[in-house]
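Notes follow once the structure below has been shown.
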Amino acid sequence: MGQMTTAIAIEDVHREVKILKALSRHNNLFEDTNNVYVVMELCEGGELLDRILSRGGRYMEEDAKKIIVQILNVIAFCHLQGVVHRDLKPENFLFVTRDEDSPMKVIDFGLSDFIRPGNSRKSLILHFSFFGRMDKP
């Protein structure tokens, strides 16, 4: 890895750490002269994508609503804190437990950034993928 790549990677890690601190008052971030250590909550319920696939890509409307509401709440919270995630996808949502009604946590803030004053919304790029279909009861 060249010096420029290393400098960019270090800058990316520092930005991600700042974002985690801003969003969660994260107390488990440690740094020494060579490393940054991020201790995260253990989420034992797996990825949202795995749950979608385990159901054959089918969710009842009420179950899908619970998932979508959690996702929208996370997005709203991040935006209110001045953060855009920029990599929201089913693989980046983890269930805390294996329970069907488990809360989810969003992960991977590596592409995220703070919203800068003066940036127009036109400069934000949205990419949305939808897996499966929603069945009515």
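Any read-out appearing in this document is the output of simple, stated calculations on the displayed coordinates, not a laboratory observation. Because the structure is predicted, anything quoted here is derived from the model rather than measured. Counting neighbours? That spans all protein chains shown, and the Cβs are built from the backbone with ideal geometry, glycine included.
A few comments on the model shown:
- When region 1-40 is reduced to its Cα atoms, the Kirkwood hydrodynamic radius in Å: 10.9
- Annotation for region 22-56: trypsin sites (Lys or Arg not before Pro) lying in DSSP loop with at most 14 further Cβ atoms inside 10 Å of their Cβ are ARG25, ARG55.
- Neighbour-limited loop hits for GluC sites (Glu not before Pro), region 1-83 (at most 15 other Cβ within 10 Å; DSSP other than H, G, I, E, B): GLU41, GLU44
- Dipole of region 1-40, positive direction: furthest Cα of ASN27, VAL38, VAL17, with charges on the beta-carbon: ASN27
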